[in-house]
Amino acid sequence: MDITLIREPGGNITGAIFFPYTPSLPAAYVFMGSFAFLTVAHIIYMFPLRSWYFLSFILGGICETFGYYGRTKAHQNISKVGSWMLQNVLILGGPTFLAATVYMTLGRYIIALDAHDHAMIAPRWITRIYVLIDVVCFISQFMGAGIQASGDPKIIDIGNKVILGGLIFQPIAFAFFVLVAIRVHSRLNGQHEVYTSNPSRWPMSRKYFWGLYVVSVLFIVRNLVRAIEYAQQASSGGISYATRNTDGTLTMPTKEGSGSIGSNEIFLYIFDAVPMALVALIFLLLHPGRMLKAPDIHLESDHGTPSTITQCTTFQGGGNPGGCTSSKPETSDINVHSVRGTIKDSKVNSFRCSAVKPNHDIKITNENLVLKSNGAKTSSFLCSSVFNTRGHKCTGPACEGASGPGGC
């Protein structure tokens, strides 16, 4: 939105009007409350799903919440630089934190679905490249929004152009990101058997990819509209002048750009507030952590050869019991019922690997269950030699190693 500088009769600039309208108080409160609720919900979800990569998403939600809080304050005084800066920087920059988590999610999907061969870029590089892009875009938008408060017409114009550059670059990056996701999605659809760990998991994972597409489109639309807004400001210089008369009144400039995006508050809510709130809602309903977490494992009426339960996703370490350093088993909600083996042990209460946190919601009923533990406590899963597996098959590069305990 254009900034109107107040010029005294002598030509000195003594103030500014930061809004061409009075910000709506009800709308600001609605979205402040919405983002606060969604952010708290994501904080609650983060712990049971262990989705620590959502910290940036939560930070983005906090930015949005306080950004619209800034608009409630701006409603009271449209000439106060503090409230204008608060809402401008946080609403403009907050979505970059949301986008960072979206970028990190695709790499995790590819790893979870064992779809490395279908990705144009290795999962670890997807995260690194796109988070770097996100950091650059955030810095450009943060700096551009910050220097606009200087009151210097030339610096304000520079700020507009810096912000515009970041807003143009983001949709391009997102478009390529979507292409990478579509390639993985389509190839998994064509030959989903490449997911060796659990072929049945891919069908339930499709909805998470569609959620990723919808979220990406919302980001692209938001950034394109904001880019048009700042392009309009850059073409007009981003500033106008009001003259203070001798009697203290102001002569406002003619509103030639009253049809621009920045001059109409409704566009901010339709193309920024609503899309970003939908992003937070979609990632709450289709939380990536649910897909990345292993589904339930059930063993019923299994007799004879003892079974070892394992997901064996990223086990690493030597051949000694408990030597699975840097391992990340994600199995949970294990239900074992009426299983018969050779050694009775009804005290199995967790499956873990060295320092990895134990799983939870494990039910052991009416069983003679054997875990190959090499004399160690059966309350710890020691990455034993995997045989007669149930649930997740231990195959692929992640599970290479010796055949003895700890050799995954």
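Laid out as a table, the results:
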quantity	calculated
Filter pass, Arg50 being surrounded by fewer than 16 Cβ atoms within 10 Å (Cβ to Cβ), touching a helix residue (DSSP H, G or I) at 6+ places or on another chain (Cβ under 9 Å), in the same structural domain as Tyr109 (by TED's automatic domain parsing) and charged (D, E, K, R)	yes
Condition check for Gly67: among the small types (Gly, Ala, Ser) and more than 17 Å from the chain's Cα centre (by Cα)	yes
Which listed residue is at pLDDT 95 or above, in contact with a Lys or Arg (Cβ under 6 Å, 6 or more places away or on another chain) and surrounded by 17 or more Cβ atoms within 10 Å (Cβ to Cβ), from Ala28, Ala36	Ala28
Residue tally, condition of a type in the set (S, T, N, Q), more than 12 Å from Ala27 (Cα to Cα) and at pLDDT 90 or above, over the stretch 66-84	3
Which listed residue, of Leu268, Leu278, is closer than 21 Å to Ile3 by Cα and either modelled with pLDDT of 95 or more or among the aliphatic types (A, V, I, L, M) (or both)	Leu268
Flag if Arg187 is touching a residue at least 40 places away in the same chain (Cβ under 8 Å) and either in a helix (DSSP H, G or I) or crowded, with 20+ Cβ neighbours inside 10 Å (or both)	yes
Answer from Ile121, Ile133, Ile163 - the residue that is touching a residue at least 24 places away in the same chain (Cβ under 8 Å), within 22 Å of Phe267 (Cα to Cα) and not small (Gly, Ala, Ser)	Ile163
Some residue of the stretch 34-49 being more than 24 Å from Ile220 (Cα to Cα) and in contact with a His (Cβ under 6 Å, 6 or more places away or on another chain)	yes
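The values are calculated or read from the model by the stated rules, or taken from the named source; none is laboratory data. Note that this is a predicted model, so its numbers are computed, not measured. Because the Cβ atoms are built from the backbone with ideal geometry, glycine has one as well, and the counts that use them run over all protein chains shown.
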